[in-house]
Amino acid sequence: MARIVGGLGTSHVPIIGRTMAAGKQASVSFAPFFASFAPVHDWIARVRPDIAIVLYNDHGLNFFLDNMPTFAIGVGHSYHNEDEGWGEPAPRLFRGAPDLSWHIVQSLIAEEFDISTCRDMAFDHAGITALDLVWPGDGVGHGDIPVAVIPLVVNAVQPPFPTPLRCYKLGHAIGRAINSFAGDARVLVIGSGGLSHELGQSGKINRDFDLLCMDKIVSDPAFLARYSNDEIVDLAGAQGLELMNWIVMRGAVSGDVSVVASHYELPISHTGGAMMLLDPNGKDH
Ligand code: DHB
Ligand code: FE
């Protein structure tokens with residue numbers, strides 16, 4: 001039986017990955033951000049997820065303005081990274097989980113979420129940074145990611161966007177898909193992005209809104225699902241729409257959750273830096 005063992009939200013600013021590649025986590029101004037993952041590492045050692053579904057927005061590696069699916073999922077046996085020019089120069093391969101991917105595809109399409117399927121997918125900083133934060137290895141350079149991964153992309157780049165409500169419902173449908181998978185899997189659902197930022201405009205950081213989002217993602221995610229995309233852009237900047245990845249995550253990890261770790265700091269590069277780990281099962285692992 002498959003089940004969701006946790007949900008993690010995190011910012012994915014490329015300088016996070018660059019800092020990890022250089023092993024300089026302790027010597028940057030946002031060192032507390034890395035330190036905030038210590039309870040995540042303890043939790044991972046205890047709970048031992050074996051598959052990570054990574055919800056993120058592709059930044060131009062797979063999809064560009066000429067070809068922009070609203071939702072897309074990887075169904076491959078493996079995924080590779082690409083040199084985006086900001087910190088992932090070494091070729092890396094990430095193991096896929098095609099059986100669960102295809103089950104999610106079947107289940108989503110049966111529920112009228114007509115998601116695009118990708119047999120081959122380049123994994124960008126948004127996915128990889130989150131995985132490296134959760135599984136940093138010995139903290140010097142990039143560690144091996146010891147779990148299988150499923151990339152799932154939400155369009156937060158080019159209008160028209162899926163609404164936050166649609167994203168929340170997609171999360172519910174992903175949760176149902178995982179829970180109905182006959183194979184064994186302990187799934188960590190990762191929502192990668194945000195919080196407030198608009199590249200080139202540091203002034204778009206909105207601390208109050210970010211803290212509100214972190215509160216509501218735990219206590220009342222339906223509140224966040226009622227925002228329009230335009231309202232989120234007004235409040236949190238154009239890239240603040242990456243919040244949608246957190247909303248999908250929380251839709252998948254539904255019901256009551258306990259907060260294992262939570263941290264917010266300003267700024268990381270242009271961004272309101274945030275992380276949070278949610279556990280739906282408490283000690284019942
Ligand atoms: C930054 C943030 C992002 O989410 C991203 O994808 C790229 C850069 C930044 O703050 O620099
Ligand atoms: Fe981004």
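Taken together, the values in this text are just the output of simple stated rules run on the coordinates, not laboratory data. Note that the structure is a prediction, hence the values are computed from the model and not measured. Because the Cβ atoms are built from the backbone with ideal geometry, glycine has one as well, and the counts that use them run over all protein chains shown.
Classification of region 235-285 by its C-alpha gyration tensor yields an oblate form. The axis ratio a/c (a ≥ b ≥ c) is 1.5 or more, and b/c is at least a/b.
For GLY240, the shell of other residues with beta-carbons less than 15 Å away shows a net charge of -4, using +1 for Lys and Arg and -1 for Asp and Glu.
Using the 10 angstrom Cβ neighbour count as an exposure proxy, how do GLU265, GLU112 rank, fewest first? Display every interim value, and only then the final one.
Numbers: GLU265 17, GLU112 8.
Exposure proxy ranking, most exposed first: GLU112, GLU265.
Exposure proxy check: ASP114, ASP234, ASP132 ranked by fewest other beta carbons within 10 Å? Don't skip to the end; give the middle numbers.
Values: ASP114 11, ASP234 14, ASP132 23.
The order, fewest Cβ neighbours first, is ASP114, ASP234, ASP132.
Taking all Cα-Cα distances within the chain, those exceeding 35 Å account for 7%. Taken one residue at a time, the phi angles of region 127-141 give Karplus couplings (6.51, -1.76, 1.60, θ = phi - 60°) of x, 5, 4, 4, 4, 5, 5, 6, 10, x, x, 8, x, 10, x Hz. Gly and Pro are set to x.
In summary, region 5-54 shows an alpha-carbon radius of gyration equal to 1.27 times the 2.2 N^0.38 Å reference for compact globular proteins.
For region 58-123 versus region 233-275, the inter-centroid distance based on Cα atoms is 21 Å. Positive contributions from Lys and Arg (+1) and negative ones from Asp and Glu (-1), summed over other residues with Cβ under 11 Å from the Cβ of GLY143, come out at -2. Estimated purely from DSSP H runs of n ≥ 4, each contributing -39500 (n - 2.57), the mean residue ellipticity at 222 nm for the chain is -10000 deg cm²/dmol once divided by its residues.
Take MET20, MET1, MET249 and order them by how many other Cβ atoms sit within 10 Å, fewest up front.
Working: MET20 23, MET1 11, MET249 32.
With the sparsest Cβ surroundings first, the list reads MET1, MET20, MET249.
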